[in-house]
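Below: one structure, written as structure tokens.
The values are calculated or read from the model by the stated rules, or taken from the named source; none is laboratory data. What you see is a predicted model; the values in this text were computed from it and never measured. Here the Cβ is made from the backbone with ideal geometry for all residues, glycine too, and neighbour counts use every protein chain on show. The protein model used for the area step is the full one, side chains on, heavy atoms only, and it has no ligands, DNA or RNA in it. Shrake-Rupley method; radii C 1.70, N 1.55, O 1.52, S 1.80 Å.
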Amino acid sequence: MLSWPTFFAFIIVAFETLFILQQWRHPIFHFLLLSYFFFAIKTYFLKSKQPRPVYLVDFSCYKPPSKCKVPFSSFIHHASMIEAFDTESVEFMAKTLVSSGLSQETYLPPALHCIPPKTHHRESINEAQMVLFPVMDDLLSKTKLSPHDIDILIVNCSGFCPSPSLSSIIINKYSMKSDIKSYNLSGMGCSAGTIGVDLAQNLLKTHENKTAIVLSTEILSTGWYSGHEKPKLILNCFFRMGGAGILLSNKKQAENTSKYKLIHSLRTQRAYDDTAYYAAYREEDSRGILGVTFNKDLLQAVSETLRSHITLLGSQILPFTEQLFHVISILRKKLIDKSAEIYTPSFKTVVQHFCLPSSGKPLIRELAKELNLNGRDIEPALMTLHRFGNQSSSSWWYELG
């Protein structure tokens with residue numbers, strides 16, 4: 001089969017022969033023909049240098065067994081039996097649960113059903129295997145791939161970072177190939193799942209004909225807080241068991257078998273700002289007990305981050321008219337009427353579905369306010385929170401599902 005450059009050269013020779021036979025000796029004919037030839041060659045090489053599109057072939061979400069369900073009554077009853085909690089702590093957690101938006105059918109790992117909860121390293125390893133292995137099995141089964149077909153592996157878990165790493169545990173379990181590129185992300189909270197996809201996309205842009213898997217989870221047995229400080233007790237109430245696996249590929253055949261095509265990814269960094277940096281902070285309390293503090297400035301940090309993020313995202317995906325209305329409203333507020341409201345661009349002109357972090361009802365509603373979304377738009381986030389709780393980095397895959 002002829003390559004495109006060879007084909008173009010063959011066409012040029014054919015036309016030059018035709019010009020000579022027809023006695024078209026005027027230089028303009030040869031100039032136009034050569035110009036077309038160089039333009040075609042340039043277009044071919046520019047196109048060949050562009051990275052292949054990245055496709056989301058399929059994904060899988062973990063559903064824990066029924067024995068791991070934790071109704072409110074069981075949670076409060078067990079908490080009242082744990083000596084580390086005083087009456088005030090139990091009452092605070094009970095009040096938080098009632099207003100949380102969670103249902104009676106969310107899940108906690110077996111180690112946290114014990115009295116007192118088991119938070120040892122071995123229990124955290126067992127929980128990781130309990131979540132990640134079934135997700136990996138289901139994803140490989142759905143896509144009809146073997147572990148040896150995977151070229152890139154990315155595992156993210158914010159609070160649990162063992163040695164060997166979680167990615168090494170997966171590679172060892174499935175006897176994956178020796179040249180697999182593996183990465184382990186930790187300490188990056190609820191955003192780690194999307195960061196994992198962004199990393200996979202960048203790797204697939206530089207490595208042709210490859211397949212990547214991103215595994216997202218949060219290990220709860222290592223993050224359980226047995227103390228009295230209320231900002232740290234929130235984690236016990238909202239965070240629940242879950243995990244997801246995502247398979248991405250830049251192979252040509254993925255175009256016909258994938259569920260989605262990855263169009264664009266964008267990351268906004270706010271760690272330089274103290275408000276955002278300390279919004280969720282892991283530290284010891286006054287008694288030396290380790291926990292994650294969720295500060296009262298969390299919603300403000302989220303709002304400011306989202307504002308910066310959608311400004312950049314909007315400039316890349318929104319229609320020109322939406323951008324124009326936004327700019328005009330800003331100029332009007334600055335120059336004419338300082339009491340005028342700034343127009344919020346409608347992302348619904350280009351986006352059909354929104355997967356918001358299911359971290360809690362106040363956060364979801366704050367995001368909806370910033371993006372000008374209605375109840376139907378935020379229903380996937382609210383219902384994921386209701387059915388499964390806050391599953392950190394994997395929650396948005398449950399929403400997409």
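General remarks:
- Spin-label model distance (nm) - ASP179 vs SER308, 7 Å beyond Cα toward Cβ: 4.0 nm
- Sequence-distant contacts, meaning Cα pairs under 8 Å at least 6 residues apart, place the relative contact order of the chain at 20 percent.
- Pairs from LYS63/LYS230; LYS296/LYS348; LYS205/LYS348; LYS181/LYS348; LYS142/LYS181 whose Cα-Cα separation, in the structure shown, is over 32 Å: LYS181/LYS348
- The listed residues SER158, SER141 rank as SER141, SER158 when sorted by accessible area, largest first, using a 1.4 Å probe.
- Less than 5 angstrom separates the built amide H of THR211 from those of ASP151, ILE152, all sequence-distant by 5 or more or on a different chain.
- Cut-off under 5 Å, modelled amide H: who pairs with GLY159 long-range: GLY187, ILE219
- Averaged per residue, the chain has 54 square angstrom of accessible surface, using a 1.4 angstrom probe with ligands and nucleic acids left out.
- Residue-wise HN-Hα coupling along the stretch 288-296, computed from phi with Karplus coefficients 6.51, -1.76, 1.60 (Hz; x: Gly, Pro): x, 8, 7, x, 9, 8, 9, 6, 5
- Computed from backbone phi with θ = phi - 60° and the Karplus coefficients 6.51, -1.76 and 1.60, the 3J(HN,Hα) list for the stretch 177-183 is 5, 6, 9, 5, 8, 10, 9 Hz; x is used for glycine and proline.
- Peptide ranges 213-223, 242-252 listed from the most packed, as the mean C-beta count within 10 angstrom indicates: 213-223, 242-252
- Unit charges at the beta carbon, dipole of the stretch 230-305: most positive-side option, ASN236, TYR272, ASN250: ASN250
- Contour excess over end-to-end distance, with Cα ends at ASP149 and GLU91 and 0.36 nm allotted per residue: 15.8 nm
- Selected from LEU382, LEU290, LEU153 as most flexible by GNM, with the chain as the system and alpha-carbon contacts under 10 Å: LEU290
- Amide H contacts of GLY242 (H built 1.01 Å from N, in plane; Pro and chain starts excluded): GLU218 sit under 5 Å, all sequence-distant by 5 or more or on other chains.
- ³J(HN,Hα), Karplus 6.51/-1.76/1.60, whole Hz, each residue of the stretch 325-334, x for Gly, Pro: 4, 5, 5, 4, 5, 5, 5, 5, 5, 6
- When only the Cβ of Lys, Arg, Asp and Glu is charged (+1, +1, -1, -1), the dipole of the chain relative to its Cα centre reaches about 1120 debye.
- GNM flexibility winner over the chain from PHE347, PHE239, PHE388 (Cα, springs under 10 Å): PHE347
- GNM result for the chain, Cα springs below 10 Å: residue of LYS67, LYS261, LYS361 fluctuating most strongly: LYS67
- Charged-residue dipole, Cβ positions (Lys, Arg, Asp, Glu), the stretch 258-381 about Cα centre, Debye nearest 20: 380 debye
- The distance between label points at GLN316 and ASP285 comes to 4.2 nm (points 7 Å beyond Cα on the Cα→Cβ vector).
- About the Cα centre, charge dipole magnitude for the stretch 113-257 (Lys/Arg +1, Asp/Glu -1 at Cβ), debye: 40 debye
- For Rg/Rh (Cα atoms, Kirkwood Rh), the value computed from the atomic coordinates appears in the list (i) 0.98; (ii) 1.08; (iii) 1.11 under label (iii).
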